[in-house]
Amino acid sequence: IEPKNPVLYLDRGKIYEAGGKKEEARSDFQKSKEIAPSYPAATLALALLEEKEGKVSESIALLEDFLAKFLNKHGFSVNAEIIFNLGRLYYNNNQIDQAINVLEAARLVLAQDSNVLYVLGLAYQKKGNIDEAKKLIEKVLELNPGNEEVKKKLEELGE
């Protein structure tokens, strides 16, 4: 075991989290982040743990801080999952304009990602741009034919 390997702490943290040991998980995620501050998976794991505990503002702050420090250093595609999750958190926190901006950025790299397209569609729907929402949800259905939830969403949008 390499004590300076951030993956070790990340993986052990995931095991702790799966076993319901949130404080141990948090400690290991933070240790992973301390060892390798630019390691996206450690920050994302910690942010998602915060979200599960209802600490959405803290989760958003972690992801915003990471992107502010490391987006240009490591490139956009490396951080696409963090960018998507930040957009999703903005949406869930009713910060719709921020959600749309961030999810549109994620869409540049994850153009065929159903999750990005779906949440972006929901954000446009909430903003009142039904035409754009329909286009995005139709694309999600194209990528996931037969998905009943997506079909219901299209019906709701007035397919």
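The values are calculated or read from the model by the stated rules, or taken from the named source; none is laboratory data. Not measured: the values here are computed from a predicted model. Cβ coordinates were reconstructed from backbone atoms using ideal geometry, including for glycine residues, and neighbour counts include every protein chain displayed. Quick note on the areas: whole protein, heavy atoms, side chains included, nothing else; ligands and nucleic acids left out. Shrake-Rupley method; radii C 1.70, N 1.55, O 1.52, S 1.80 Å.
Number of residues in region 8-52 that are among the polar types (S, T, N, Q) and crowded, with 19+ Cβ neighbours inside 10 Å: the value is 2.
Return the pair list, or none, for Cβ contacts closer than 7 Å from residues in region 1-28 that are more than 14 Å from A45 (Cβ to Cβ) to residues that are of a type outside the set (V, I, T) and assigned to a helix (DSSP H, G or I), at least 6 apart or on different chains. Here the result reads I1/L8; E2/L8, each pair linking region 1-28 to a residue that is of a type outside the set (V, I, T) and assigned to a helix (DSSP H, G or I).
When we screen K135, K139, K153, K55 for residues that are farther than 30 Å from E17 by Cβ and open to solvent by 60 Å² or more (accessible area, probe 1.4 Å), the only hit is K135.
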